[in-house]
Amino acid sequence: ILNLLEPQRNGEATTADAHEKIDWLQNTTQQTTKVTMTDVPINELLGVRRGNSNSSLAILLILALLVLPSAIALPNNPTSESKRVDEEEEEIGYIQTLLLNTPAVTTLNSTYQKIEVYESDHFGKVFLLDDCLQLTERDAPHYNEMLAHVPVMEYLASNAGIDEQLDILVVGGGDGYVVSELLKYPNVGSIDHVDLDGDVISVSKDHFPWAKSVWDNAKVNLVVGDGAQFVKEQVEKNKNYHVIIQDASDPFWIRYDGSVVILPSHVLYEEEHFQRMHRLLEAKNGVLMYQAETYNIPSNLKEIAKWRKVLKSIGFGRVRYGTIAISTYPTGQIGFFASHAGYYDDHTCINSDEATADALCSEIDNPEITLNWMDWKKVSKTFHDLESTKYYHPRIHRSSFDLPLWVEKTVYNDAKEISDE
């Protein structure tokens, strides 16, 4: 290209001139995120005269090469109209960023936290609490549908002869999504929904379609208050539930220096609280479901293994860690624990004459996750009769308990001490 810029007899720009102007352009593109070609006519900028096609072509090629890298880099340089939400996991040196459109749809400071809703180009509306991402419209079904449908389906599939209306307790989940999914079941009789922050409920009701009328349903008893205290009170009243779903925030996180920050929701993960929930479930052989962190963070994985041991020591059976793919959660994965109160004989295979059940009942390395007690025919029929879902279906229910081998070896390791490796 530079060879085309040789001195011209008619006074065209010389090679030295071109080099000088190229240097100027390079400096300019390094200092700005965008070169606007319309600000200065290209011919005037580079001293190219009409009629010299070789020089014009060369200069245009050079300009394109200089501008292209800056143009490509534009998505990584948000404009002043974007808000960056960084989800940082200091323990593993991981940061995940979501760009939101400004201004906020709504902002409110409640007694407990700052509540915000933003729009985003890809994920729809985004719900923030104290600048921490809670959910997005696009992938909220992944997490919430699994939390709602897995325990109800498991209860129905393992208590086939019971036709009574189900009593369900939901702790947390002030956005209302889990409750809205539970109301899809005609045999759900009542839902006690407890959340600490009434303003979270109000904002969700105003801005998310699933929440607009969910608390107006006669089956839903909304309690604004402390979830752990509510569970304690129900035990004292000898209350019983068929299903308990705990949609709580993270109980702790680890700083760069290794120190542990205990968060308010930690009380919902203490052994005493799990014991109380077992008391509320055991009379009905009920199912417990709760948010259980990601296995991609070492401290989380260690806690997951610990929680399983605690649940089993209390008396829960069928204690399994399941996984959910969700792009806006740090590392793209979050998990849950599903476990059952009461004694079960899980050695009999249901529907063994069906091909799908045959595969489920075959011998595998970890018998705890075979789900051979599940009546999959009933699950499929119940699912077919439900209103539509976006993430949950019977096959993903079954496969959610299939973990990477290194995770499974840690979670289902019955040794007293769990390695940090």
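The values are calculated or read from the model by the stated rules, or taken from the named source; none is laboratory data. These figures come from a predicted structure and were not determined experimentally. Here the Cβ positions follow ideal geometry from the backbone for every residue, glycine too, while neighbour counts run over all protein chains shown. Accessible surface areas use protein heavy atoms only, side chains included; no ligands, DNA or RNA. Shrake-Rupley method; radii C 1.70, N 1.55, O 1.52, S 1.80 Å.
Residues that are in contact (Cβ under 8 Å) with a residue 12 or more places away in the chain, aromatic (F, W, Y) and over 19 Å from H193 (Cβ atoms) number at least 1 in the following strands (runs of 3 or more DSSP E) confined to the range 236-284: 252-254.
Within the range 156-173, the only residue that satisfies the criterion of being in a helix (DSSP H, G or I) and within 27 Å of A228 (Cα to Cα) is L156. Checked against (1) hydroxyl-bearing (S, T, Y); (2) open to solvent by 10 Å² or more (accessible area, probe 1.4 Å); (3) assigned to a loop (DSSP other than H, G, I, E, B), S202 passes all but condition (3).
Residues in the range 156-167 that are in contact (Cβ under 8 Å) with a residue 24 or more places away in the chain and either open to solvent by less than 20 Å² (accessible area, probe 1.4 Å) or among the β-branched types (V, I, T) (or both): L156, A157, N159, L166. For the range 105-114, the criterion of being farther than 30 Å from W376 by Cα, without any contact (Cβ under 8 Å) to a residue 60 or more places away in the chain and not polar (S, T, N, Q) is met by at least one residue.
The rows are residues; the columns are (1) among the hydroxyl-bearing types (S, T, Y); (2) under 19 Å from D250 (Cα atoms).
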{"site": "Q96", "(1), (2)": "no, yes"}
{"site": "S120", "(1), (2)": "yes, no"}
{"site": "R138", "(1), (2)": "no, no"}
{"site": "V152", "(1), (2)": "no, no"}
{"site": "Q165", "(1), (2)": "no, no"}
{"site": "G172", "(1), (2)": "no, yes"}
{"site": "Y177", "(1), (2)": "yes, yes"}
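Residue check: P78 meets all listed conditions (1) surrounded by 14 or more Cβ atoms within 10 Å (Cβ to Cβ); (2) modelled with pLDDT of 95 or more; (3) assigned to a loop (DSSP other than H, G, I, E, B); (4) not hydrophobic (A, V, I, L, M, F, W, C) but one, namely (2). Here V170 passes the criteria (1) crowded, with 18+ Cβ neighbours inside 10 Å; (2) under 20 Å from N285 (Cβ atoms); (3) without any contact (Cβ under 8 Å) to a residue 60 or more places away in the chain except the one numbered (3).
Among the residues of the range 267-282, not a single one is at pLDDT 95 or above, within 19 Å of E154 (Cβ to Cβ) and within 21 Å of the chain's Cα centre (by Cα).
Filtering the range 205-214 to residues that are within 22 Å of Q165 (Cα to Cα) and surrounded by fewer than 18 Cβ atoms within 10 Å (Cβ to Cβ) leaves only S213. Among the criteria (1) more than 27 Å from the chain's Cα centre (by Cα); (2) among the charged types (D, E, K, R); (3) at pLDDT 95 or above, the one D414 does not fulfil is (3). Could you say whether any residue in the range 174-186 is open to solvent by less than 30 Å² (accessible area, probe 1.4 Å), outside any loop (DSSP other than H, G, I, E, B), over 22 Å from P330 (Cα atoms) and among the hydrophobic types (A, V, I, L, M, F, W, C)? Looking for residues that are open to solvent by less than 30 Å² (accessible area, probe 1.4 Å), outside any loop (DSSP other than H, G, I, E, B), over 22 Å from P330 (Cα atoms) and among the hydrophobic types (A, V, I, L, M, F, W, C), one finds at least one in the range 174-186, hence yes. Taken as a whole, the range 251-263 holds no residue that is more than 17 Å from L147 (Cα to Cα) and modelled with pLDDT of 95 or more.
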